[in-house]
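The values are calculated or read from the model by the stated rules, or taken from the named source; none is laboratory data. Not measured: the values here are computed from a predicted model. Cβ: placed from backbone, ideal geometry, glycine included. Neighbour counts: every protein chain shown. Side chains included, ligands, DNA and RNA excluded: accessible areas come from the protein's heavy atoms. Shrake-Rupley method; radii C 1.70, N 1.55, O 1.52, S 1.80 Å.
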Amino acid sequence: MGKEEKMRKIHSLSRIALGAAILGAGFMNANAADETIRQLAKERGRFIGTILNSEWFNDDIEPEFQEIHKTQFNVVVAENEMKFDATEPKEDEFNFEKGDKMIKYAQANGLRVRGHALAWHSQVANWVNNYSGQKEKLLAVLKNHITKVVSHWKGKIAEWDVVNEAVNDDYNADWRSTNSVWYEGIGAEFLDSAFVWAHKADPDAELCYNDYSLEWGLREGSKASFVVEQVKRWKANGIPITCVGTQTHIEIAHETTPQNVRALAKALAELNVTLNITELDIGFPKGSAGKLTEADYAKQGHLYRQFMDVFLEEPNMGEFVIWGLTDAHSWLDEQQGKTEGLLYDKQYKPKPAYDSVMASLKAHPASEVKTPYSETVLNPPKDCGDESCGDSIIAIKPSAIANNISIHIAGRTLFITGVIAGKNAKVDVFDMQGRPIFSTKCEKGRADLSSITEGLYVVRVHDGSTSIVKKISIK
Ligand code: XIL
C-alpha cells in the first residue's frame, strides 16, 4: 500500500471507530473518563508529557497518536524540529514552520512547551562547520541563532534546553572537547554565553542544562557531580540557569537509577535549581522483541513507577517527559539497539507502565505534592491571538487576594468571607481552560456548588467593584 493510500485509509476511519479506539487505548485502565495522566499531573502542579515525533510533523502518523497525546499529557517537546539544523538550515535563514505548527497545537490544547535544543554539538547545520575553529565568527553565529530562535517563540516556549550534552563520556568528567564545533572553536565560554543570550531574548523562559547519564549517580568523576559543580559556578556568577534536565535513556536492568535521580534532585534543590526528567525511555534489548513476558512488562512498569514516585516526592522537580508515546515510533528501535521502552505498545494500547504511572500519581495526593511553579506558570492566561481559542472563552487572570477577602471550599460549599460576602456577589466557575461552566449567587457568605462534577476549577467571586479568583478542587 502506498503512503498516500495508507494515510487515506487511516484518516477515513469513522469518528465512531476512532473514538472507540481512543477509549480503548486511552482510558482502558482508568476508571473514569476524566482520569488521565494529564488531569492528575495538573492537579499536582506538575507537567508530564511526551515528544511529538517527527512523523507527526510530517502528517505521517496514525490518528490515535494525537488523540492520546492531547488527552493524556500536558507538556510537549519536538523530537527534531527545533534543533539547529531544522531552524537555521542556511546561515541566517530561519525556518520556523514546523515549530510554529507545534506551538499552535500546544496552544489549542493547553500544553506547556519545552524548546529543544539551542547549543548542541549534534544536529548542527552543515554550514556551521565552514567556520570551524574561528572563535569570533562562531560566537556571532551562536548568538544570532539563539537570539532569533528564542525571540521568535518568546512567551510561547516555557523552557529551553539551552545547552545539550556538553559533558564528555569519560570517567573523569569534563566538557566534551572533541566533535563539538562549539567547544573546539569557542571553549567553555560558549555555555555561559548561551544562557545569557537566551535570557536576554526571553527573560521569562526557564533555562536548562540537559544531558544523558546524569542518572548514574553523584560519585566523584561522574557527569552528575560535574554538572552540579558547574551549576554552582553558574549560580555564583549570575548565569541565568534555572533547571537541569536528566535525559534518562535507560535500560530495564538499570534498577538503581531512580534513586540516583532523587539524589541529584536533592543536590540541585540546595542550589535553588529545578530538576526535570526530559527524555525518559526504559528499553529492552532489541533481541528480546517478541519474547517479552508479562513479568518483563511488569518490571518495566515498576521502574516507571519508581521514577514517578521520585518525581512527585521531590519538590524541585517540575517536568517528566518521555521520549516517545508509542513503541510503534521510537528512536530506540531506529538507533539504539533497544525496543519497547514507552507507555503505549505498537497498537496504542497502554502497557503496565501506563498503569504504574497512574498508580504513582494516585498514591501521591495533590495536597502532598509540591510544585516548583507559580500560579501564572501553572495556569497561564490563554493566548488568544490564535483563532483556535474561540470566542466563548474567558481568560482567567488570578488577581491578588485582597487582604480581607477569602474563599475556600469545604465539600460542595464555597465559603466567602470579607467585604463581598454579604452583598449577593456573583459566583462564576470556569474549567481549567477558562470556559464558564456554572454561575450562582453568594448567599450569607456561601455558595452551593453541589451540581458540579469532581475536578479542578477556577472560581471567581465578584460584586462589581471587588473580585477574587481562586483555583478549587471539587471532590
Ligand atoms: C533523537 C531523535 O529522537 C532522533 O529522531 C534523531 O535522529 C536523533 O535525536 N538526546 C537528545 C535528543 O537530546 O534530541 C535525541 O533525539 C535523543 C538523545
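Take D296 and L271, extend 7 Å from each Cα along the Cα→Cβ direction, and tell me the distance between the two endpoints in nm. If labels sit at D296 and L271, their model points lie 3.9 nm apart.
Each Lys and Arg contributes +1 and each Asp and Glu -1, all at the Cβ; summed about the Cα centre of the chain, the dipole is approximately 1700 debye.
With +1 on each Lys and Arg Cβ and -1 on each Asp and Glu Cβ, and nothing else charged, work out how big the dipole of segment 406-474 is about its Cα centre, in Debye to the nearest 20.
Details: 10 positive and 6 negative charges, 26 e Å.
The calculation lands at about 120 debye.
On a 0 to 90° scale, report how tilted helix 135-152 is relative to the longest principal axis of the chain, with both axes built from alpha carbons and the result rounded to the nearest 10. Helix 135-152 sits roughly 20 degrees off the main axis of the chain. Per-atom-type breakdown for the chain gives carbon and sulfur 50% of the accessible area (1.4 Å probe, protein chains only). Here segment 3-378 has an Rg and Dmax of 20.2, 60 Å, counting Cα atoms alone.
Just the accessible area per residue of the chain, please: how many Å² with a 1.4 Å probe? Don't skip to the end; give the middle numbers.
On the way: 20700 Å² over 475 residues.
Result: 44 Å² per residue.
Dividing the helix sum by the residues of the chain, where each DSSP H run of 4 or more adds -39500 (n - 2.57), gives a mean residue ellipticity at 222 nm of -10000 deg cm²/dmol.
Both numbers refer to the Cα atoms of segment 184-336; Rg and Dmax are 17.0, 53 Å.
Greater than 22 Å separation of Cα atoms is the criterion. Which listed pairs, K235/K266; K291/K346; K98/K351; K42/K362; K370/K475, meet it?
Details: K235/K266 16 Å; K291/K346 15 Å; K98/K351 30 Å; K42/K362 12 Å; K370/K475 19 Å.
Result: K98/K351 exceed 22 Å.
A simple rule links phi to the HN-Hα coupling: the Karplus curve 6.51 cos²θ - 1.76 cosθ + 1.60 with θ = phi - 60°, which for segment 58-71 gives 8, 6, 10, 9, 4, x, 4, 3, 5, 4, 5, 4, 6, 7 Hz, with x for Gly and Pro. Each label was represented as a point 7 Å from its Cα along the Cα-to-Cβ direction; for T147 and D431 these points are 4.4 nm apart. Ranking G318, V231, A119 by Cα position along the charge dipole of the chain, where only Lys, Arg, Asp and Glu carry charges on their C-beta atoms, puts G318 farthest toward the positive end.
The angle between the Cα long axis of helix 15-26 and the main principal axis of the chain comes to about 80°, on a 0 to 90 degree scale.
Relative to the longest principal axis of the Cα atoms of the chain, the long axis of helix 352-363 lies at roughly 50 degrees.
Please express the shape of segment 406-474 as an equivalent ellipsoid: the semi-axes are the square roots of 5 times the eigenvalues of the C-alpha gyration tensor, given largest first in whole angstrom.
Values: eigenvalues 64, 33, 19 Å².
So the equivalent ellipsoid measures 18, 13, 10 Å along its semi-axes.
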